Structure formats: structure tokens, C-alpha cells
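Below is one structure; the comments refer to it alone.
The values are calculated or read from the model by the stated rules, or taken from the named source; none is laboratory data. Just so we're clear, the structure is a prediction, and the values are computed from it rather than from any experiment. Positions of Cβ are generated from backbone atoms using ideal geometry, with glycine treated the same way; all protein chains shown enter the neighbour counts.
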Amino acid sequence: MKVTVFGAGTMGRGIAQVFATYNHDVLLIDVEQKFIDNGINGIKSSLNKLYEKKQINEEPAKILERIKTSLKIEDSKGSDLVIEAIVEKFEMKADLFKKLDEFLDPRVIFASNTSSISITRLASMTKRPEKFVGMHFFNPVPLMKLVEIVKGEKTDENTVNYVYDLAKSLGKIPVKVQDYPGFVANRILMPLINEAINALMEGVATKEDIDSVAKFGLNHPMGPLELADLIGLDVCLDIMNVLYQDFGDQRYAPSPLLKRMVASGKLGRKSGEGFYKYK
């Protein structure tokens with residue numbers, strides 16, 4: 001099976017790595033070579049760690065041989081499945097799918113890794129809404145088991161079941177969800193993170209104590225502010241904006257502190273500073 005993944009960032013490279021690990025041929029596409037290089041380096045590092053810990057048996061070099069790269073979307077011809085994992089902006093995702101729809105065989109399944117944008121709306125940009133599905137992986141993709149399989153309004157059951165079974169074959173635990181804002185995971189998680197940010201803004205407690213409450217009182221593996229830094233504050237803001245816009249409910253309004261931090265370039269781990277500082 002040939003799988004094309006668009007976007008060599010954290011999510012895209014993780015998805016490419018998992019498919020290659022499970023013996024699929026992968027084409028990883030991005031718009032600049034530096035993004036491709038960073039993606040491949042990230043995959044190498046991840047595979048080496050997993051191999052050292054005996055969490056994978058095949059040598060990393062063998063897995064990497066199954067991953068090819070390109071800067072041209074036309075090279076996705078011949079794919080059986082296309083997974084989009086680019087930035088969380090509807091216009092950019094829609095533009096990519098429109099272009100792909102023009103030259104890829106009608107049998108090819110389109111999947112988006114979006115964490116909050118409507119699958120129905122994205123699918124409507126193509127002539128194959130019945131073969132358009134959400135395939136929402138979680139970070140870090142090689143380790144996190146959950147995959148949300150999102151059924152758009154016109155997605156047919158064969159497509160949903162095929163992608164569901166495919167996710168299981170990758171060692172994942174898929175769940176089928178309907179196409180509502182934030183699906184399930186982010187509809188629950190993002191308001192929690194947003195409210196933790198509001199609590200910090202209001203001086204209810206320090207960032208360390210807010211995270212400690214979640215870890216030692218709610219038994220969460222990571223505090224909400226630590227998790228926001230890992231996800232990326234810009235991504236958190238994008239998701240909150242989608243929830244607020246689509247539901248029209250004030251409870252989903254992004255925290256003013258979240259908006260201010262994103263505006264100042266404090267995006268979390270990827271920028272070196274968010275609620276915490278990183279090397």
C-alpha cells in the first residue's frame with residue numbers, strides 16, 4: 001500500500017513513521033526541503049530510541065527505506081491513501097485537497113488529521129466526499145494509541161470501516177466519531193486547558209500548582225499548561241477559535257492570556273518558551 005502524507009511537522013512525520021514501521025510505502029511531502037530534512041531527522045531519532053528500548057524489532061535503517069520524500073504534490077500519483085497533516089487552517093487544507101482532487105484517481109481515500117475542523121466542510125471542497133474521512137492521530141504519534149475516525153456527512157460506511165481497520169492494523173485503538181466541532185478529544189480537552197489558562201491569568205494559583213492539581217488530584221499524566229506547551233499554544237488557540245465559532249457559545253471563548261502569548265510568539269516547546277521555558 002502506498003500512503004502519501006502531507007506535512008513533515010510533528011504530526012506528519014509521526015504518521016509517516018508509523019505507516020513505514022508497519023510495512024507500508026510512504027511518501028512524505030512538504031513545501032520546503034528544510035521541513036523535509038527536519039522531519040526525517042525526527043523520524044530517525046524516534047526510531048533509534050524505540051529500537052534501543054526494544055519497542056520495535058526492525059532496524060531503523062530498514063524502516064527508513066520505506067519512506068520517500070518530495071516537494072511536489074504531483075508525486076502523490078499512485079497513492080492508495082492520502083493523509084493531510086498540515087497547519088490547522090481551513091483555507092490551506094481546502095486548497096490542498098482541491099488540487100489533489102483534480103489529478104488523483106477517484107478511488108483514492110482522502111484523510112485529514114485535523115483536530116477540530118469540520119470533515120464535512122473539507123470534503124465538500126472535493127468531488128469525493130464519500131471517500132473523505134477524518135483520521136485524527138495524537139501526539140506523539142508513534143506512542144499514542146488513540147485515533148479518532150471521523151465520519152463526515154457524506155462519508156460512506158465502507159470508507160469509515162476501511163480506515164478503522166487500517167488504524168487497528170497499525171497497532172492503534174480507533175474510535176468512530178461523528179463530525180461535530182472538536183470531535184470528542186478536543187471538545188473535552190481544550191476547554192479544560194483554556195480554563196487552566198484563565199485560572200493562571202486570574203492569579204488563582206501558580207502554573208506549577210495548577211499542573212500539580214491535575215496530576216496529583218485528577219490523576220492526569222501531565223498538567224494542562226504543560227500539555228498546552230507540548231501541543232503548541234497556537235494550535236490550542238486555533239482549536240478554541242473553531243469551537244467558539246462553530247458552537248457560538250461563550251464558554252468556548254479563547255482565554256485572553258492564550259491570545260496574548262500566541263501574539264508574542266510564545267508557542268510552547270517548539271518556540272522554546274510557553275508557560276515554561278525549554279532549551
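Looking only at residues of region 68-102 that are in contact with a Lys or Arg (Cβ under 9 Å, 6 or more places away or on another chain) and among the hydrophobic types (A, V, I, L, M, F, W, C), we find that the one that is surrounded by the most Cβ atoms within 10 Å (Cβ to Cβ) is ALA85. Listed by position, the helices (runs of 4 or more DSSP H) enclosed by region 1-64 that each have at least 1 residues that are over 19 Å from the mean Cα position of the chain (by Cα) are 33-52, 60-64.
Condition check ((1) surrounded by 22 or more Cβ atoms within 10 Å (Cβ to Cβ); (2) touching a Leu at 6+ places or on another chain (Cβ under 7 Å)) across all residues:
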| residue | (1), (2) |
| --- | --- |
| ILE231 | yes, no |
| MET261 | yes, yes |
| GLY268 | yes, yes |
| SER271 | no, no |
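Residues in region 253-279 that are among the hydroxyl-bearing types (Ser, Thr, Tyr) and either touching a strand residue (DSSP E or B) at 6+ places or on another chain (Cβ under 7 Å) or within 16 Å of PRO224 (Cα to Cα) (or both): 2 in all. Within region 65-86, being under 24 Å from THR114 (Cβ atoms), part of a loop (DSSP other than H, G, I, E, B) and among the small types (Gly, Ala, Ser) holds for SER79, ALA85. Checking each residue of region 79-90 against the condition of being aromatic (Phe, Trp, Tyr), in contact (Cβ under 8 Å) with a residue 12 or more places away in the chain, outside the structural domain of ASN241 (by TED's automatic domain parsing) and under 23 Å from PHE137 (Cα atoms) gives at least one match. Just one of the listed residues (THR69, THR21, THR4, THR10) is at pLDDT below 95 and either out of contact with any Asp or Glu (no Cβ under 6 Å at 6 or more places or on another chain) or farther than 20 Å from VAL87 by Cα (or both), and it is THR10. Based on this model, can you work out whether MET190 counts as more than 27 Å from ILE119 (Cα to Cα) and either out of contact with any Lys or Arg (no Cβ under 9 Å at 6 or more places or on another chain) or surrounded by fewer than 16 Cβ atoms within 10 Å (Cβ to Cβ) (or both)? The answer is no for MET190. Of all residues in region 194-206, those that are farther than 16 Å from LEU227 by Cα have Cβ atoms under 9 Å from Cβ atoms of residues that are in a helix (DSSP H, G or I) and hydrophobic (A, V, I, L, M, F, W, C), 6 or more apart or on another chain, in MET201/LEU257; MET201/LEU258; VAL204/ILE210; ALA205/ALA199; ALA205/VAL213. Being outside any loop (DSSP other than H, G, I, E, B), aliphatic (A, V, I, L, M) and farther than 17 Å from PRO181 by Cβ: is that true of LEU100 here? Here the answer is yes, as LEU100 does meet what is asked. Listed by first and then second residue, the pairs with beta-carbon distance under 6 Å, at least 6 apart or on different chains, first residue in region 147-174 and surrounded by 12 or more Cβ atoms within 10 Å (Cβ to Cβ), second in a loop (DSSP other than H, G, I, E, B) and of a type in the set (Ser, Thr, Tyr), are LEU170/TYR22.
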